[in-house]
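Novice: Got a structure here, written out as structure tokens. Questions coming.
The values are calculated or read from the model by the stated rules, or taken from the named source; none is laboratory data. What you see is a predicted model; the values in this text were computed from it and never measured. So basically every Cβ, Gly included, is an ideal-geometry build from the backbone, and we count neighbours across all protein chains shown. Calculation scope for accessible area: heavy atoms of the full protein, side chains included, ligands and nucleic acids excluded. Shrake-Rupley method; radii C 1.70, N 1.55, O 1.52, S 1.80 Å.
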Amino acid sequence: DTGVSQNPRHKITKRGQNVTFRCDPISEHNRLYWYRQTLGQGPEFLTYFQNEAQLEKSRLLSDRFSAERPKGSFSTLEIQRTEQGDSAMYLCASSFEPAGPPREQYFGPGTRLTVT
Amino acid sequence: SQQGEEDPQALSIQEGENATMNCSYKTSINNLQWYRQNSGRGLVHLILIRSNEREKHSGRLRVTLDTSKKSSSLLITASRAADTASYFCATANQGAQKLVFGQGTRLTINP
């Protein structure tokens, strides 16, 4: 399967714990996006990378959140000191965009985080 | 924050009927995209329409864009049970490198 993959698919953690999610994009895609989606809502942009450079972060991304994309390949999203409000589906998407506005994005299946 | 507003929030029709969903947005855009999401899954890209296009077709899908009204519609013809999903519009705003999604329309096709 050459699509976008995310691990784990589900994560249950206790409040205050740290969690890390991984996204493996489609190999030739240079852009990688992270979104958060809560029940009944559309995805909300968190951050994106062009190759290994993190070019934009949403104000939703508090200092408890950090994302990396070493060597422009896979990406990780870490949440420190989780709070119940962090419970959501975390979606990763990738695209190939040499320049210009965003084109179609390819989404992974998501990681569902539940903070108890 | 989400820019798009989708209408209706939920739609239930019989198999074989056509389904129309609408999306309104607030700022100037480069393109507008529609995505489908089956329950608990990731999103699947359906169609992209550029700001200088007015209508686009893909199989049973027809998308229109009216930039003067800042609105778009997605028409699914001859609906099937497998079309049951949530549908989201997403805008690529001018000067921005990210997509802004609407809240979605939940479509249910009854057999």
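Novice: Which FRET efficiency value, to the nearest 0.05, do you get for A:Arg81 and B:Thr64 by plugging their Cβ-Cβ distance into 1/(1 + (r/R0)^6) with R0 = 30 Å?
Specialist: After rounding to 0.05, the efficiency reads 0.05.
Novice: Enumerate the residues in segment A:93-116 having an amide nitrogen under 19 Å from the point lying 7 Å beyond the Cα of B:Ser39 toward its Cβ.
Specialist: From segment A:93-116, the list is A:109-113.
Novice: Another question, if that's okay. For segment B:42-56, take each phi angle, set θ = phi - 60°, evaluate the Karplus expression 6.51 cos²θ - 1.76 cosθ + 1.60, and give the result in whole Hz per residue in order, putting x for glycine and proline.
Specialist: Karplus values, whole Hz, x for Gly and Pro: x, 8, 10, 5, 9, 6, 10, 10, 7, 5, 9, 9, 10, 8, 8.
Novice: Name the residues whose placed amide hydrogens come within less than 5 Å of the amide hydrogen of B:Thr84, ignoring near sequence neighbours (fewer than 5 apart) on the same chain.
Specialist: B:Ile109
Novice: Counting only protein heavy atoms, probe 1.4 Å: which residues of segment A:40-67 lose 10 Å² or more of accessible surface in the full assembly compared with their chain by itself?
Specialist: SASA drop of 10 Å² or more in segment A:40-67: A:Gly40, A:Gln41, A:Gly42, A:Pro43, A:Glu44, A:Phe45, A:Tyr48, A:Glu56, A:Arg59.
Novice: Now for a different question. With a 1.4 Å probe and all protein chains left in place, how much of the accessible area of segment A:63-116 comes from carbon and sulfur atoms, in whole percent?
Specialist: After summing per-atom areas, the C and S share lands at 50 percent.
Novice: Can you compute 3J(HN,Hα) from phi for each residue in segment B:11-25, using the Karplus curve 6.51 cos²θ - 1.76 cosθ + 1.60 with θ = phi - 60°, rounded to whole Hz and x for Gly and Pro?
Specialist: 9, 10, 9, 8, 4, x, 7, 8, 10, 10, 10, 10, 9, 10, 9
Novice: With the other protein chains left in place, how much accessible area per residue, in square angstrom, belongs to segment B:1-109 at a 1.4 angstrom probe? Write down the numbers at each step before the final one.
Specialist: Details: 5040 Å² over 109 residues.
So segment B:1-109 comes to 46 Å² accessible per residue, rounded to a whole number.
Novice: Heavy atoms only, probe 1.4 Å: what % of the accessible area of segment B:47-111 goes to carbon and sulfur, would you let me know?
Specialist: Answer for segment B:47-111: carbon and sulfur cover 45 percent of the accessible area.
Novice: Right, here's the next one. Using 0.36 nm per residue of separation minus the Cα-Cα distance, give me the extension gain between B:Ala81 and B:Glu53 in nm, one decimal.
Specialist: 7.1 nm
Novice: Using a 1.4 Å probe on protein heavy atoms, which residues of segment B:69-111 have at least 30 Å² less accessible area in the complex than alone?
Specialist: B:Gln97, B:Lys98, B:Leu99, B:Phe101, B:Gln103
Novice: Looking at B:Ala81, A:Leu61, A:Thr13, which one has the Cα that reaches farthest to the positive end of the dipole of the protein assembly as shown (charges on Cβ: Lys, Arg +1; Asp, Glu -1)?
Specialist: A:Thr13
Novice: Here's something else I'd like to know. If you take the accessible area of B alone plus A alone and subtract the pair, what total do you get in square angstrom, rounded to 100, with a 1.4 Å probe?
Specialist: Between B and A, the summed buried area is about 1800 Å².
Novice: Which far-off residues, 5 or more places away or on another chain, put their amide H under 5 Å from the one on A:Ser5, with H placed in the peptide plane?
Specialist: Here the answer is A:Asp24, since their amide H atoms fall under 5 Å of that of A:Ser5.
Novice: Would you check the protein assembly as shown for Lys pairs whose C-alpha atoms are within less than 21 Å, ignoring same-chain pairs closer than 8 in sequence, and give me the count? List each step's numbers first, then the result.
Specialist: Working: A:Lys57/A:Lys71; A:Lys57/B:Lys98; B:Lys26/B:Lys69; B:Lys26/B:Lys70; B:Lys26/B:Lys98; B:Lys56/B:Lys69; B:Lys56/B:Lys70; B:Lys70/B:Lys98.
Value for the protein assembly as shown: 8.
Novice: Relative to the Cα centre, what is the charge dipole magnitude of chain B, using +1 at the beta carbon of each Lys and Arg, -1 at the beta carbon of each Asp and Glu, and rounding to the nearest 20 debye? Mind dumping the intermediate values first?
Specialist: Working: 13 positive and 9 negative charges, 61 e Å.
Here chain B has a charge dipole of around 300 debye.
Novice: In what sequence, largest accessible area first, do A:Arg15, B:Arg80 appear using a 1.4 Å probe?
Specialist: So the residues, ranked largest to smallest area, are A:Arg15, B:Arg80.
Novice: Normalised by the residues of chain A, what does the relative contact order come to in percent, with Cα pairs under 8 Å and at least six apart? Please report the intermediate quantities before stating the final value.
Specialist: Numbers: 286 pairs, mean separation 42.0, N = 116.
Worked out over chain A, it gives 36 percent.
Novice: With chain A treated as a Gaussian network of Cα nodes joined by springs under 10 Å, which of A:Glu78, A:Glu44, A:Glu104 yields the largest mean-square fluctuation?
Specialist: Between A:Glu78, A:Glu44, A:Glu104, it is A:Glu104 that shows the largest mean-square fluctuation.
Novice: Shifting gears a bit: To the nearest 10 Å², what's A:Lys14's accessible area with a 1.4 Å probe?
Specialist: So the heavy atoms of A:Lys14 present about 140 Å² to solvent.
Novice: Please turn the phi angles of segment A:43-52 into ³J(HN,Hα) values with the Karplus equation 6.51 cos²θ - 1.76 cosθ + 1.60 (θ = phi - 60°), one per residue in order, whole Hz, x for glycine and proline.
Specialist: x, 10, 5, 10, 6, 8, 10, 10, 6, 8
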